[in-house]
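One structure is given below, encoded as structure tokens.
The values are calculated or read from the model by the stated rules, or taken from the named source; none is laboratory data. This structure is a prediction, so every number in the text was calculated from the model and none was measured. Ideal geometry is used to build each Cβ from the backbone, glycine not excepted, and the neighbour counts take in all protein chains shown. Surface areas here come from the heavy atoms of the whole protein model, side chains and all, with no ligands, DNA or RNA. Shrake-Rupley method; radii C 1.70, N 1.55, O 1.52, S 1.80 Å.
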Amino acid sequence: MSARRSVTILGATGSVGRSTLDLIARDRERFEVLALTANRDAAGLAEAARRVGAKRAVICDQAFLPALEEALQGSGIETAAGPEAVLETAALGADWTMAAIVGAAGLGPTMAALRSGRTVALANKEALVSAGALMTAAAKESGATLLPVDSEHNAVFQCFDGERPHAVRRILLTASGGPFRTLSLDEMRGVTPEQAVAHPNWSMGAKISVDSATLMNKGLELIEAFHLFPLPPEAFDVLVHPQSVIHSLVEYVDGSFLAQLGAPDMRIPIAHTLAWPERMETPCERLDLVRIARLDFEAPDEIRFPALALARQALREGGARPAILNAANEIAVAAFLAKRINFLDIATIAAETLAAYAPPPPRTIEEVLEVDRAAREAGRDIMERYAH
């Protein structure tokens, strides 16, 4: 990397944000941190800002501004608070912005970062699931570079010939299969949130761990992949690979398959986007294929894991359907984690919400947020029939 790269991290105290900070802290000479944002973790934000010498620290919830100011007293680091301040920070025009604000709250800041016309590393799933067409259009209009951070999409990005998309036949996103890969439907009826968040390979938050257990996560990733890579919906598929060593594969028309392999550590795809188009050292574990010894594969079972079929349907139908699916799934997962509904109810509630609510395709981020709000309301009404 020839010149020092300016960096902004939106969602600095979450899992992806912390992993990004870890990489930057190990190579301070290469990166200048313009700004960090967080939702409510003032102490974590202040500690991170001091550690990497950030120029600005922004807390979304204004009630936590006094705590942030106190924690940064005497540091010379500028502070601000509120959703508008987060949007302004996203639009600063850093050379590289990590978009890692979780949920619908990340849509506006991600769009602001894309409109700045620089490089955006995308870790906010909702940006492409709920507003994929809008996000990619904004990137095209501004000339921004959109780099995928999800390990699966980053793997595809490393293997995909962007100059010759016509030479690609198919993209295969790999899935570990989650903690319930071998359970029957009857066995899954009684699983607990504690069992669902115990992912066999990755260390992740509770919500994404449940999504992995239902395979909804993989379904949403199919929708994301469709917006990232110029292929028709039917060219995207899922392959269950329990070892999580191969992160995705690209099949070419000549029969060649290119795959990206690596340890299950998010710092690897983050580092790829942080240094792109170059590479950088990471402290991540290196693969020992002799020790791993075998790689297994199987087709996903959409009978036991209907969330994947729901996502395929939403991808084919397009418009507001992916945003509705995402919103309904979020409230259902939250209810499951709160032990209000059963595990298998998650996909059922998502399916019934899709059937009950059919708005026109959203044309703006504001309309996407309204679809999200209305879908949550419809989903909550449906959920009452399953709550206990």
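For segment 279-292, filtered to residues that are in contact (Cβ under 8 Å) with a residue 12 or more places away in the chain and of a type in the set (Asp, Glu), the residue that is farthest from residue 95 (Cα to Cα) is 285. Determine, yes or no, whether residue 369 is part of a helix (DSSP H, G or I), of a type outside the set (D, E, K, R) and crowded, with 22+ Cβ neighbours inside 10 Å. Here the answer is no, as residue 369 does not meet what is asked.
Results for (1) surrounded by 15 or more Cβ atoms within 10 Å (Cβ to Cβ); (2) modelled with pLDDT of 95 or more; (3) under 17 Å from residue 311 (Cβ atoms); (4) among the basic types (Lys, Arg), shown as yes or no for each residue.
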| site | (1), (2), (3), (4) |
| --- | --- |
| 137 | no, yes, no, no |
| 154 | yes, yes, no, no |
| 164 | no, yes, no, yes |
| 171 | yes, yes, yes, no |
| 186 | no, no, no, no |
| 203 | no, no, no, no |
| 227 | yes, yes, yes, no |
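Among the residues of segment 123-159, those identified as free of Cβ contacts under 8 Å to residues at least 60 places away in the same chain, assigned to a helix (DSSP H, G or I) and more than 14 Å from residue 368 (Cβ to Cβ) are 139, 140, 141, 142. Candidates are the residues of segment 321-356 that are outside any helix (DSSP H, G or I) and in contact with a Phe, Trp or Tyr (Cβ under 7 Å, 6 or more places away or on another chain); the one that is surrounded by the most Cβ atoms within 10 Å (Cβ to Cβ) is 341. Of the residues 221, 298, the single one that is open to solvent by 40 Å² or more (accessible area, probe 1.4 Å), in contact with a His (Cβ under 9 Å, 6 or more places away or on another chain) and closer than 30 Å to residue 332 by Cβ is 298. Considering segment 55-80, the residues that are open to solvent by 20 Å² or more (accessible area, probe 1.4 Å) and touching an Asp or Glu at 6+ places or on another chain (Cβ under 9 Å) include one that is farthest from residue 45 (Cα to Cα), namely 55. Within segment 82-96, restricting attention to residues that are touching a Pro at 6+ places or on another chain (Cβ under 9 Å) and open to solvent by less than 20 Å² (accessible area, probe 1.4 Å), the residue that is nearest to residue 274 (Cα to Cα) is 90.
With respect to the conditions (1) of a type outside the set (Gly, Ala, Ser); (2) over 25 Å from residue 363 (Cα atoms); (3) open to solvent by 10 Å² or more (accessible area, probe 1.4 Å), residue 102 falls short on a single one, namely (2). Inside segment 112-135, residues that are surrounded by fewer than 24 Cβ atoms within 10 Å (Cβ to Cβ) and not hydroxyl-bearing (Ser, Thr, Tyr) make up a count of 8. Going through (1) farther than 29 Å from residue 334 by Cβ; (2) buried (at least 24 other Cβ atoms within 10 Å of the Cβ); (3) of a type in the set (D, E, K, R) one by one, residue 141 falls short only on (2). Assigned to a helix (DSSP H, G or I) and either on the phi < 0 side of the Ramachandran plot or touching a strand residue (DSSP E or B) at 6+ places or on another chain (Cβ under 6 Å) (or both): is that true of residue 32 in this structure? No. Figure legend. Inter-residue proximity from segment 162-186: first residues part of a loop (DSSP other than H, G, I, E, B), second residues among the β-branched types (Val, Ile, Thr), beta-carbon distance below 7 Å, spacing 6+ or different chains. Indicated pairs: 177/240; 180/191; 181/240. Of the residues making up segment 223-258, those that are in a helix (DSSP H, G or I), more than 15 Å from residue 153 (Cβ to Cβ) and either in contact (Cβ under 8 Å) with a residue 12 or more places away in the chain or of a type in the set (Val, Ile, Thr) (or both) number 1.
For first residues located in segment 28-40 and farther than 17 Å from residue 85 by Cβ, partners that are in a strand (DSSP E or B) and lie 6+ apart or on another chain with Cβ distances below 6 Å form the pairs 31/5; 31/7; 32/6.
Picking from residues in segment 249-258 that are open to solvent by 60 Å² or more (accessible area, probe 1.4 Å) and touching a strand residue (DSSP E or B) at 6+ places or on another chain (Cβ under 8 Å), the one that is farthest from residue 31 (Cα to Cα) is 253.
Yes or no: segment 259-278 includes at least one residue that is free of Cβ contacts under 8 Å to residues at least 40 places away in the same chain, hydrophobic (A, V, I, L, M, F, W, C), open to solvent by 10 Å² or more (accessible area, probe 1.4 Å) and not in a loop (DSSP other than H, G, I, E, B). Yes, because at least one residue in segment 259-278 is free of Cβ contacts under 8 Å to residues at least 40 places away in the same chain, hydrophobic (A, V, I, L, M, F, W, C), open to solvent by 10 Å² or more (accessible area, probe 1.4 Å) and not in a loop (DSSP other than H, G, I, E, B).
Of the conditions (1) surrounded by 19 or more Cβ atoms within 10 Å (Cβ to Cβ); (2) assigned to a loop (DSSP other than H, G, I, E, B), residue 281 satisfies every one except a single condition; which number is it? Every listed condition holds for residue 281 apart from (1).
Of everything in segment 1-19 that is of a type outside the set (Gly, Ala, Ser) and within 14 Å of the chain's Cα centre (by Cα), the residue that is modelled with the lowest pLDDT is 16.
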